[in-house]
Amino acid sequence: MKRGNGKGIIVIGFAFVLIILFIVSFMNFSKSPEDEATEAVHQFYQFEQSASFGQSWELFHPLMKEKFEKSHYIQDRPHVFMNHFGVTTFSYQLSEPTEVSNWTMESGSNPIDGYRFTVSKSYDSKYGFFTIVKDIYVSNVQGKWLILWDYNQ
């Protein structure tokens, strides 16, 4: 009786190693919803830091886009912060995300699920150093995390 030379075992072993590597790489590269939401907030504020207000506007939730026409937002943001306060950029810090459900942006709007972040934006202006602390929200719309501000009183 003739025995095989072990090539089959090598092929099976190699396939097993490839499957394990695929699973490990998938686990490392797939991000949690919290991580994706956090990345969206960081991207928004990095655009704002570099005065790329058109790009930051694109990260607004559709409800926010109803509040600000793009051209108005692009003109108003630098007018308030750069012209009035005399700043060119800011630093910011984010809290950890807190999951929210049935949150509404303002009275009468549809409830939204997502995450809340507390953002602290620090400015070194001609009027001195100051920090604005604000809660912002992100919601997943068709696979993309988008920014909302709170208009509730």
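Bear in mind that the values in this text are calculations on the coordinates, not laboratory data. Bear in mind the structure is a predicted one, so any value in this text is a computation, not a measurement. No Cβ is skipped: glycine too gets one built from the backbone with ideal geometry, and neighbour counts run over all protein chains shown.
Three principal axis extents describe the C-alpha atoms of the chain; from largest down they are 91, 38, 27 Å. Kindly identify the range 111-153 as rounded, prolate or oblate by the Cα gyration tensor criterion: order the square roots of the eigenvalues as a ≥ b ≥ c, call it rounded if a/c is under 1.5, otherwise compare a/b with b/c, prolate if a/b is larger, else oblate. Because a/c hits 1.5 or more and a/b exceeds b/c, the range 111-153 counts as prolate.
Summarising the label geometry, the points placed 7 Å from Cα in the beta-carbon direction at GLU66 and ASN152 lie 1.7 nm from one another.
In what order do LYS134, LYS121 fall by count of nearby beta-carbon atoms within 10 Å, going from fewest to most? Present the calculation step by step, with values, prior to reporting the outcome.
Working: LYS134 11, LYS121 17.
Fewest-to-most Cβ neighbours within 10 Å comes out as LYS134, LYS121.
For LYS144, the lysines whose Cα comes closer than 25 Å to its Cα, not counting residues fewer than 8 places off in the same chain, are LYS31, LYS65, LYS67, LYS70, LYS121, LYS134. Taking amide H as placed 1.01 Å from N in the peptide plane, SER125 has its amide H under 5 Å from the amide H of PHE130, each at least 5 places away in sequence or on another chain. Database remark: amide H of ILE112 closer than 5 angstrom to the amide H of ASN102, TRP103, THR104 (H placed geometrically; neighbours at sequence offset of 5 or more, or on other chains; Pro and chain starts carry no H).
Over the chain, Cα pairs under 8 Å with separation of 6+ residues give a relative contact order of 20 percent. About its Cα centre, the chain has a charge dipole of approximately 860 debye under the convention of +1 per Lys or Arg Cβ and -1 per Asp or Glu Cβ, with nothing else charged. Packing here is the average count of other Cβ atoms within 10 Å per residue, and on that basis the peptides 60-68, 79-87, highest first, run 60-68, 79-87.
I want to make sure I understand the PRE zone here: with the label point 7 angstrom from the Cα of HIS42 toward its beta carbon, which residues in the range 73-95 have backbone N atoms less than 20 Å away? Label zone hits: 90-95. So what J values fall out for the range 62-70 if you push phi through Karplus, 6.51 cos²θ - 1.76 cosθ + 1.60 with θ = phi - 60°, rounded to Hz, Gly and Pro as x? Using θ = phi - 60°, the values come out as x, 5, 6, 5, 5, 7, 10, 5, 4 Hz.
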